[in-house]
Every structure is written in C-alpha cells, then in structure tokens.
Amino acid sequence: MAKVLIVDDSVFMRTVIRDVLQKDPTITVVGTAANGIEALEKIHTLQPDLITLDIEMPKMNGLELLQNLRDVQPGPKVLMLSSLTSKDAEMTEKAIRLGADDFMLKPRDIPHVRDIADEMTAKIRHLVTLVVPPGHNQPVDRPARPAARRVVLIGSSAGGPPMLDSVLGNLPSDLPASVVITQHMPVGFTASLAARFERIANMPVKETENGDLLETGRILVSKAGFHTIVSMAIMENGTRTGKIVHARTPPLHGVRPAVDKTFESAAQVFGKSTVSVILSGMGNDAGEGAYAIKQAGGVSIACEEKDCLVYGMVRSALSRNAVDLVLPLEKIPGAIEQAVLHMEEEHV
C-alpha cells in the first residue's frame, strides 16, 4: 500500500486529488498540506512514500520544499503537478534537477482534472516501486562517441514515460546504437523529461537541438514544438550517420513532434539498421512510420496491450502489418539489444 501526502495550496485540488487516489485500492492518502512548511511537518510525522507537489504555494513553494527535502533521509518520492505555462515548464525542469522524481501536467481547465485519474494513479504505483541507485549516471568525463551506424527509435504518448523508465533503465551503456525518443508532450516540458531520464538511463540523455549528430551510446528526446527529422550526415572520414533537423511544419495527427515524421525520415537514412519501438499512446501516430521502417528492412517492436495505458499507436502499426515482435514491456530492452547486435553482425 502506497502512502501519499497531497501538497497543494488549492482546497479544490487537494479534494479532487484525494478523491481520485482513494479510488485505487493500492493507494492510501495519509494527509494533505497547503504549503511547504506544513508539508515538512507532516512528512516527518506521517512518513509518506510519495508526495504530490504543487509548485506555486505561499510561505514555502514547491522548489523550496525540494531543497529542504535533501536533508530528509530517506525522503518520499515526489510527483510534481505542473500547469501548462512556460513559467511552469522552466520551474518543472528545476524541480527535476532538485530531485523531484516525475511530473504531471494539469489540464488547462480545472473541471477536467479528474480526467487524469488513470495516469496519476499509474505514475504513483510506478514511482513507489522505482529504484534508482544513488549516484546513478552522475556527470563524468565521457570519451568522444562515434557517429551512429544503427538507430533505435522509440515512440510513445499517454502512459509512455513510466514505460520509458523501464526500457531505458534496462538498456546497456554499451549499446552500439543511437536512441531517439519521440514522446508527445506540450512545448517546454521535454527538457524536464530528458533531465529525468538522465537519472534513470545507463547512457547520457539530452533534449534534441537542431543539428545534433546521432552518436553511438547517446539518447536524444525530441524537443516539443518541432518535428524531429533525421537527415543524412557524412563525416570527414566518409562515415554516414544521421543528423537532427527541427521542422516547424504543421502538426501531424494533431501533434508536433509526430512519431511518424521521425520514423519515416530515419528509415531513409539508416534503412535496415533501424529498430523502432512503439509503446503506449492514443491515436494513429507511429503506424505509417513503422511501415516505412519495415519496408526499409528494419525491425519494429511493439508492446503488448496489457502493459499499455492506451493502445491506439500500437494498433495503428499492427493494422498495417508493420510489427515484427509484440512483447511484454519487460522483454523489450532485451529484444532491442538483440536486434541491434544482430544488425552489427550483419551490416557493419
């Protein structure tokens, strides 16, 4: 049973979140707090496993509370609740760097807060069981990485981030490929997502920048607001690899970045040295891209429905007969590694 403390200065939000969480038999709400000072007191007395944390609060805001929690050992996991504003996007990234474990985006209109119930309970169940070793993936001097000759592309939307934790945390640091993640997310929040994955993955992670080269052993997270296009780049030694190009062309399937854009463009560059992975998400994005990869001779992997919050993206690829393997989430990292190593043997 996960013990949760709700920290928010809004009585309405505290009530709604409590009502949402109390419907899950694996979660118990042990208390609420209206600001950081009150939260610190209740953390010491109630010892919650996790707190949901608002950013803007009187007396002590969310960032100040995170700084104080550094002295609380062992402290609770922290799920930030962020509004969809540029200021909140910046503060959410700071919160992740201060130690928050994950974040959720509040709907723009308060009446729809209850619509995020399934995602919130799933995140909490995931976070209370997530173990990140102390000092994992701390910045170190890293040797120069060679240009990638193989690429792993991962596409996801609603319900995707916790699944990405599982996949990235179990990929080896010496995977001989570049990894590009395209996760549907509002503008401003993919930097926070990349910072969070940096703590979990065995490889360095960063948000894409226009002109980034795809390098072996590095993970890129597609920057929200742009389509992530993979174009051909030729190194001085004649090696061919991929380069990130940000495109502000209209949204596809109502989203930007679109998984299809990344998958289709990468298939043209890497051909049969491409692995695609489709995780949870609604809508039709990823189907055409997976088909393009299959036509190019690459390998397409999809997650089983039982492990996905929403199955629309996988279903769009299955409907085009564009999936080679449908696997439970726990087996996907091993399948990615095997596919990449097979390509290394076959095509280098």
Of the residues in the range 72-91, those that are over 18 Å from residue 41 (Cα atoms) and of a type in the set (Val, Ile, Thr) come to 85
Tell me whether the range 247-256 contains one or more residues that are part of a helix (DSSP H, G or I) and either of a type outside the set (Gly, Ala, Ser) or without any contact (Cβ under 8 Å) to a residue 60 or more places away in the chain (or both).
no
Looking at the range 1-17, which of its residues are surrounded by 16 or more Cβ atoms within 10 Å (Cβ to Cβ) and part of a helix (DSSP H, G or I)?
13, 14, 16, 17
Scan the range 319-342 for residues that are touching a helix residue (DSSP H, G or I) at 6+ places or on another chain (Cβ under 8 Å), part of a helix (DSSP H, G or I) and not β-branched (Val, Ile, Thr) and jot them down.
329, 330, 333
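Filter the range 297-318 for residues that are in a loop (DSSP other than H, G, I, E, B) and either under 23 Å from residue 334 (Cβ atoms) or not assigned by TED's automatic domain parsing to the domain that holds residue 159 (or both); which is modelled with the lowest pLDDT? Outline the logic, then answer.
Taking the range 297-318 first, the residues in a loop (DSSP other than H, G, I, E, B) are 297-298, 304, 308-311.
Going one step further and asking which of them are either under 23 Å from residue 334 (Cβ atoms) or not assigned by TED's automatic domain parsing to the domain that holds residue 159 (or both), we end up with 297-298, 304, 308-309, 311.
Numbers: 297: 96, 298: 97, 304: 98, 308: 95, 309: 91, 311: 96.
Selected residue: 309.
Yes/no matrix, rows are residues, columns are (1) under 16 Å from the mean Cα position of the chain (by Cα); (2) closer than 19 Å to residue 127 by Cβ:
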| position | (1), (2) |
| --- | --- |
| 187 | yes, no |
| 197 | yes, yes |
| 241 | no, no |
| 253 | no, no |
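Answer yes or no: is there a residue in the range 333-343 that is β-branched (Val, Ile, Thr), touching a strand residue (DSSP E or B) at 6+ places or on another chain (Cβ under 8 Å) and under 20 Å from residue 178 (Cα atoms).
So the first thing to find is which residues in the range 333-343 are β-branched (Val, Ile, Thr), and the list is 336, 340.
Retained after the next criterion (residues that are touching a strand residue (DSSP E or B) at 6+ places or on another chain (Cβ under 8 Å)): 336, 340.
Subsequent filtering for residues that are under 20 Å from residue 178 (Cα atoms) retains 336, 340.
Yes, there is a match, as at least one residue in the range 333-343 is β-branched (Val, Ile, Thr), touching a strand residue (DSSP E or B) at 6+ places or on another chain (Cβ under 8 Å) and under 20 Å from residue 178 (Cα atoms).
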Restricting the range 201-220 to residues that are aliphatic (A, V, I, L, M) and crowded, with 19+ Cβ neighbours inside 10 Å, the residue that is nearest to residue 170 (Cα to Cα)
201
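Hey, among 250, 257, which residue is closer than 28 Å to residue 308 by Cβ, surrounded by fewer than 19 Cβ atoms within 10 Å (Cβ to Cβ) and modelled with pLDDT of 95 or more? First the steps, then the outcome.
Working: 257 fails: surrounded by fewer than 19 Cβ atoms within 10 Å (Cβ to Cβ).
Unique residue meeting the criteria: 250.
Only one of these is surrounded by fewer than 17 Cβ atoms within 10 Å (Cβ to Cβ) and either of a type outside the set (Lys, Arg) or in the same structural domain as residue 118 (by TED's automatic domain parsing) (or both): 157, 173, 166, 178. Name it. So that I can check it myself, show each step before the final result.
Values: 157 fails: surrounded by fewer than 17 Cβ atoms within 10 Å (Cβ to Cβ); 166 fails: surrounded by fewer than 17 Cβ atoms within 10 Å (Cβ to Cβ); 178 fails: surrounded by fewer than 17 Cβ atoms within 10 Å (Cβ to Cβ).
Being surrounded by fewer than 17 Cβ atoms within 10 Å (Cβ to Cβ) and either of a type outside the set (Lys, Arg) or in the same structural domain as residue 118 (by TED's automatic domain parsing) (or both) holds for just one of 157, 173, 166, 178, which is 173.
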Residues being more than 21 Å from residue 156 (Cβ to Cβ), part of a loop (DSSP other than H, G, I, E, B) and either in contact with a Leu (Cβ under 6 Å, 6 or more places away or on another chain) or at pLDDT 95 or above (or both) - total across the range 214-246:
2
Within the range 31-87, track down each residue that is surrounded by fewer than 19 Cβ atoms within 10 Å (Cβ to Cβ), among the β-branched types (Val, Ile, Thr) and within 28 Å of residue 190 (Cα to Cα).
85
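The values are calculated or read from the model by the stated rules, or taken from the named source; none is laboratory data. All values reported here derive from a predicted model rather than from experimental measurement. Quick reminder, even Gly has a Cβ in these numbers, built from the backbone with ideal geometry, and neighbours come from all protein chains shown.
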